[in-house]
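Enquirer: This structure is in structure tokens; I'll ask about it shortly.
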Amino acid sequence: MRVTTTAVLLATVTLLAACDDKPTPTPASSPSVSAAPSGGARALTSGALPHAAAAPVALAGDAAEGQRLVEQYECSRCHQGTGQPAPKLALDCVGCHQQILAGKFPASPAKLAEWKPHVAYYQETPSLEALGRRLEPAYLVAFLQRPEDVRPHLVPSMPRLPLSAEQATHVAAYLTRGERPKAQRLDGADPAHGRALLENKSCGSCHEFSGVAPLTARPKPGVGSEEQQRAIRLAPDLRHTRDRWSPGALVEWLLEPERVKPGTLMPSHSLSPAEARDLAAYLLTTPLEPPRLKALPVRLPVLSRRVRYAEVVEQVIGVTCRHCHGDADLTLGDGGPGNTGGFGFTPRRMDLSTYERTNAGLLNAQGERESVFAKLPDGTPRLVASLIARQREEAGQVDPQVRGMPLGLPALSAEQVQLVESWVAQGRPR
Amino acid sequence: MTHPKRIPGSFLAALTACAALTGLSSSALACGGDWGPAMLEYEQDHRPFAVSLAEQQLEDGKLVAAAASVIRSMPHVRTLSAKKSTVVARAQRTLAVALVRSGGALSLKGQVPVYARGKWEGKSQADRQANLEWAAGALRAVSATKADDPSVKTELAEALARLESHRQEARGILEELAKKDLIASPEGYAALAELRRAAGDEPGQRAAAERCRAMAGEGAGLCGAPASAKS
């Protein structure tokens, strides 16, 4: 049963933490930075061929402040390549899951076997290495404030963090480290030949490319070597390329990904410079159909049958919520980001580990205790509102007032929300 | 993501952690100490696991089983200091709530060796009173470290409501929580209903009993007879 599993896991973590040796920091090379997007990339959506970088728009972020913020927001709990030391195992969301999958986590083989299927989908995130040679600073600033789902076969997404616009600018300055790709003109490049290359080189065996005529090769998630599957999970939908990359960066990337970002899973295709330019031209300029967003699930009427707490735990609370709204006593004081704080969130003290604690509410913006079942002005209980907010986020409707839950994970189904809502409406029977 | 090497054996880790958790002594033996033969079955500190089990049993309403799990793993639980160890604090809290909900008398026969039963069975009125007072004290200590946690406050109030001299205080706590719908358990609402009844607040009593029944589901017996049955 999941409930006891968590208790055992947490106890193990508690034990582990007692002898966790500190990793040595790897200081980031962090000169003071005035990152500048090369311009042009955004205008490409219209279909015009990109020209040389326009006058760079100064992005006046303070890299030193950015470094401090990356530490404060604990980006290294999910990402490599932040220039910060790896966190302690007990805090390392992705690293701990990787250890479990690799069989290195100190637990019994039986436990490991039981956990593995549950952590499989949360074992990688893109490394932030060499971001300055890849993504446009302006894109980064926008993405950090309002992350979008870039990788169709990667289950977790970048969580909506409480970063202000100004903070995002500092973080972008730090992460790009003042590195700028060479400017590049794509005059005379042949997008049609680029499309043909995309087919010939089987780029579609890893990448989705939504909004254009389907590629013949298709990613087959769950098939092939472990490395092939990881590559599929980490491969972005190529429709976003034009928002993210300048022509100069893109050509260099296509020519030799490994040189731009050592260790990347994107293979080199031994392209000639002309081929790389043709591909870049297609990626950056081919017309796109409007994005197909997930439909907002309907809100189902409350159930007339009895719903018990155990069922809500089994279907919802015990699945993902307790990983972030956990019991601090079991983990040397860290109850997860949704309880004792983390990822830059102030502690909301919302503990979903037991029935009684679920009833004990959370701290509101004024620092006062409030019930998670308290009704918002439209009559929706806060808990339910946060579940619906996640469904809305996936449908492209971000509500600045309500953060979607589960944070950075797929929204619940209409039936799961209905179950929670019915339970609350019935007076939340134990 | 690569991690620096860590000490692999969980046994070693457990011993180190045990001392850190209990704060009893840095000697590995302190994990078992002189607590009897039960320890021989374990190669590492089993108490965090025993306490987790006890908590689950309490949540499932198995009061005697929960108390027995605590007492078996910590026969001296009454005298241990919760301040230094969250495991002890959790153990004391679990035992205290189980005691309160069984009126200070736990029938531990067949569950706990005779030598460890002490006065927990509450055979005399004085023993029961002493047990309830210990429980209230233990929950007050927990509450002191978690001042803003309504689930802890609810349990403290539930215990205080059983002590004649502290019923006023209990009602104060519960009324405050009820205003914000933060009473964390049906037992908490049952205590409030009873306190309101004793104070002659009949509508208040009915309202609290109603909330108790909604939260208790099939276990609504603990909320007293429904209003209709009484009139």
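Read-outs throughout are calculated quantities, based only on the coordinates presented, and are distinct from any laboratory measurement. This is a predicted model, so every value here is computed, not measured. Virtual Cβ from ideal backbone geometry, glycine too; neighbours counted across all protein chains shown.
Enquirer: For an R0 of 22 angstrom, estimate the FRET efficiency from the Cβ-Cβ distance between B:A130 and B:E176 and round to the nearest 0.05. Mind dumping the intermediate values first?
Expert: Working: r = 29 Å, r/R0 = 1.30.
About 0.15, to the nearest 0.05.
Enquirer: Grab the eigenvalues of the alpha-carbon gyration tensor for the stretch A:271-415, scale each by 5, take roots, and send me the semi-axes largest first in whole angstrom. Display every interim value, and only then the final one.
Expert: On the way: eigenvalues 278, 89, 46 Å².
Sorted largest first and rounded, they come to 37, 21, 15 Å.
Enquirer: What FRET efficiency comes out for the pair A:A165/B:K123, r = Cβ-Cβ distance, R0 = 60 Å, nearest 0.05?
Expert: Working: r = 69 Å, r/R0 = 1.15.
According to the calculation, E is roughly 0.30.
Enquirer: Ok, one more. Would you work out the charge dipole size for the stretch A:348-430 about its Cα centre, treating the Cβ of every Lys and Arg as +1 and the Cβ of every Asp and Glu as -1, and quote it to the nearest 20 debye?
Expert: Working: 11 positive and 10 negative charges, 51 e Å.
Magnitude of the dipole: close to 240 debye.
Enquirer: Averaged over its residues, how many other protein chain Cβ atoms are within 10 Å of peptide B:176-185's Cβ atoms? Write down the numbers at each step before the final one.
Expert: Numbers: counts 0, 5, 0, 0, 6, 8, 9, 4, 9, 6.
Mean partner-chain Cβ count within 10 Å for B:176-185: 5.
Enquirer: Seen from all sides and averaged, what is the projected area of the convex hull of the Cα atoms in the stretch B:147-217, in nm²? Can you show the working numbers first?
Expert: Working: hull surface 16.8 nm².
The number I arrive at for the stretch B:147-217 is 4.2 nm².
Enquirer: Where does chain A land on Rg/Rh, using Cα atoms and the Kirkwood Rh? Intermediate results must be reported in sequence, preceding the final value.
Expert: Working: Rg = 23.0 Å, Rh = 23.4 Å.
That ratio is 0.98, to two decimals.
Enquirer: Please identify, among A:S205, A:S353, A:S272, the residue showing maximal mean-square fluctuation in a Gaussian network model of chain A using a 10 angstrom Cα cutoff.
Expert: A:S272
Enquirer: Which order do the peptides A:264-271, B:136-143, A:165-172 come out in when sorted by mean C-beta neighbours inside 10 angstrom, highest first?
Expert: Numbers: A:264-271: 15.2, B:136-143: 19.9, A:165-172: 21.4.
Sorting A:264-271, B:136-143, A:165-172 by mean packing, highest first, produces A:165-172, B:136-143, A:264-271.
Enquirer: Continuing with the same structure: Using the per-residue mean of other Cβ atoms lying within 10 Å as a proxy for protection, in what order, highest first, do the peptides A:401-410, A:211-220 fall? Please list the in-between numbers first.
Expert: Details: A:401-410: 19.3, A:211-220: 14.1.
The densest-packed peptide leads the list: A:401-410, A:211-220.
Enquirer: How high is the relative contact order of chain A, given as a whole-number percent (alpha carbon pairs under 8 Å, six or more residues apart)?
Expert: On the way: 781 pairs, mean separation 71.3, N = 430.
Computed value for chain A: 17 percent relative contact order.
Enquirer: Let me know the mean shielding of A:368-377 by other chains, meaning the per-residue number of their Cβ atoms within 10 Å of its Cβ.
Expert: On the way: counts 2, 7, 3, 7, 2, 2, 3, 1, 0, 0.
Average per residue, whole number: 3.
Enquirer: Taking just the alpha-carbon atoms of the stretch A:82-124, what radius of gyration and Dmax come out, in angstrom?
Expert: Cα-based Rg and Dmax for the stretch A:82-124 come out at 10.8, 36 Å.
Enquirer: Next question, about the same structure. List every residue whose amide H lies under 5 Å from the amide H of A:L303, counting only residues 5 or more places away in sequence or on a different chain, with H placed 1.01 Å from N in the peptide plane.
Expert: Those lying under 5 Å, H to H, from A:L303 are A:S422.
Enquirer: In peptide B:71-78, what is the residue-averaged number of other protein chain Cβ atoms found within 10 Å of each Cβ? If you can, show how the numbers build up before the last one.
Expert: Details: counts 0, 0, 0, 0, 0, 0, 0, 0.
Average per residue, whole number: 0.
Enquirer: What number, rounded to the nearest 500 deg cm²/dmol, is the helix-based mean residue ellipticity at 222 nm of chain A, given -39500 (n - 2.57) per DSSP H run of at least four residues and division by all its residues?
Expert: Numbers: 16 runs with 149 residues, N = 430.
Result for chain A: -10000 deg cm²/dmol, rounded to the nearest 500.
Enquirer: What's the magnitude of the charge dipole for chain A around its Cα centre, counting Lys and Arg as +1 and Asp and Glu as -1 at the beta-carbon? Answer in Debye, nearest 20.
Expert: Values: 48 positive and 44 negative charges, 136 e Å.
Taking the Cα centre of chain A as origin, the dipole is about 660 debye.
Enquirer: Bin width 10 Å, alpha-carbon pairs only: give the P(r) of the stretch B:46-145 as whole percents, running from 0 to the bin holding the largest distance.
Expert: Per 10 Å bin, starting at zero, the Cα-Cα P(r) for the stretch B:46-145 comes out as 18, 55, 26, 1 percent.
Enquirer: Turning to a different aspect of this structure: Over 10 Å intervals from 0, what percent of Cα-Cα pairs in the stretch A:191-285 sits in each interval?
Expert: The calculated distribution, bin by bin, is 17, 52, 30, 2.
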